[in-house]
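The structure under discussion appears below in the form of structure tokens.
Only the coordinates and a few stated rules stand behind these numbers; no lab work does. It should be emphasised that the depicted structure is a prediction, and the values quoted were computed from it without experimental measurement. Here the Cβ positions follow ideal geometry from the backbone for every residue, glycine too, while neighbour counts run over all protein chains shown.
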Amino acid sequence: MIRFYMKDGRNLQVISDIEELNEHPRLHDVIWIDLLTPTLVEVKAVERLFDLEFPTKAESEEIEISSRYWEEDRRVEINSYFLVNNDQNPYNETVSFVLQDNLLISIRYKALKSFDEFTNKLFLSYKELHSGYDIFSKLIDIRIDADADTIEGLCKDINKIRKQVFTEHTSENEELLEKISAFEDLNMRIRENVTDKQRILTSILKSPKFPEELKTEIVIMLKDVRSLIEHTDFNFERLDYLQSIFLGILSIDQNKAIKIFTIVNVIFLPPTLIASIYGMNFDIMPELHWKYGYVFAIILMILSVIAPIFIFKKKGML
């Protein structure tokens, strides 16, 4: 799907048909081209129409800084992460941006909430957007706000699971470990996302191609990103702490169970020994033919059980 956003004086026009755009007399009025899962035919048509070349999907997903941001004579190419936060498998989706003259081209292979949110606001504030650089800045700003909201939600979830660690660990051990692992994975994805934004924004500040009036906003966004990175570091520390506490509690519970089994073994060891002795088949045993031999053995076994219990209680072990 392709959408061409054209700013014509005080009006903003959206064209979804590339054939209609071919017939438009003022192509230079296009300030943003948004390509969502484009076909090869669509990509080639846009490249031919606007005299540019798009990076492939494989090129856009490379992690080197030279692959995430680079400049040429007429254009700037940027590959940036956008977090897709689903409950089971959060991941970072790469979106490619090409800035050429005053035109922004975005290439993405998944519908993203940040783009939907921006397009909803676009018709209310399009008068403030003079070029593709303004649109790119607003998109990144919205994405940073979304990352901040995700981190805030993660902090609340960590606070909730902290209470569960101390109250429900006995019945939900596996579930709690899965939650902690899922939170660590989400926090790692957020950290990758905001670190990528930091590198890109830092490169933009050094670029002579970006308008100077936008760099003030870039500086503010960069400060926000650094703050988000600090929050992700803090979340890692909290999750490590919770995991250590949780494993410590499990270890204590296991030690209690082992302690109980040990005490039971110690208590029943003396009567077992007595029963073993009197169960031996020797011809000469003083109590073998004694009238009270059986009662004596039973009483002796009972006393051998009571004595360890009394000793353990006196030492506070029971």
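Over the chain, what is the mean sequence separation of C-alpha contacts under 8 Å (at least six apart), divided by residue count, expressed as relative contact order in percent? Don't skip to the end; give the middle numbers.
Values: 321 pairs, mean separation 39.7, N = 318.
Relative CO of the chain lands at 12 percent.
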### Task
At a Cα cut-off below 25 Å, give the lysines reachable from Lys127, other chains included and same-chain residues fewer than 8 away excluded.
Lys7, Lys113, Lys138, Lys209, Lys215
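Calculated FRET efficiency, Leu27 and Cys155, Cβ-Cβ r, R0 45 Å, to nearest 0.05? It would help to have the intermediate numbers written out before the result.
Details: r = 47 Å, r/R0 = 1.05.
That pair, Leu27 with Cys155, gives E of 0.45.
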## Note on the structure
In vacuo Debye sum over C-alpha of the stretch 67-107, base-10 log of normalised intensity I(q)/I(0) at q = 0.14, 0.20, 0.22 Å⁻¹, listed in q order, is -0.39, -0.62, -0.69
### Query
Computed FRET efficiency, Cβ-Cβ of Glu287 and Glu237, R0 51 Å: what is it to the nearest 0.05?
0.15
### Query
Residue by residue, what Karplus-based ³J(HN,Hα) values in Hz, rounded to whole numbers, does the stretch 80-86 have, using 6.51, -1.76 and 1.60 with θ = phi - 60° and x for Gly and Pro?
10, 7, 10, 6, 9, 9, 9
### Message
If I model a spin label at Thr262 and Gln88 as a point 7 Å from the Cα along the Cα→Cβ vector, what separation in nanometres do I get?
### Response
4.5
#### Entry: Amide H contacts under 5 Å for Tyr109, placed H, 5+ residues apart
Thr37
#### Entry: In Å, descending, principal axis extents of the Cα set of the chain
122, 39, 33
### Task
Starting from the Cα of Glu213, move 7 Å in the Cα-to-Cβ direction to define the label point; list residues of the stretch 106-149 whose amide nitrogen is under 19 Å from there.
122-141
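To the nearest 20 debye, what charge dipole does the chain have about its Cα centre, counting +1 at the Cβ of each Lys and Arg and -1 at the Cβ of each Asp and Glu?
Numbers: 38 positive and 52 negative charges, 384 e Å.
The dipole of the chain has a size of about 1840 debye.
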### Query
Highest mean first, what order results for 280-291, 255-266 on Cβ atoms within 10 Å?
255-266, 280-291
### Task
Give me the distance in nm between label points sitting 7 Å out from Cα along the Cα-to-Cβ direction at Asp51 and Ile306, one decimal.
10.7
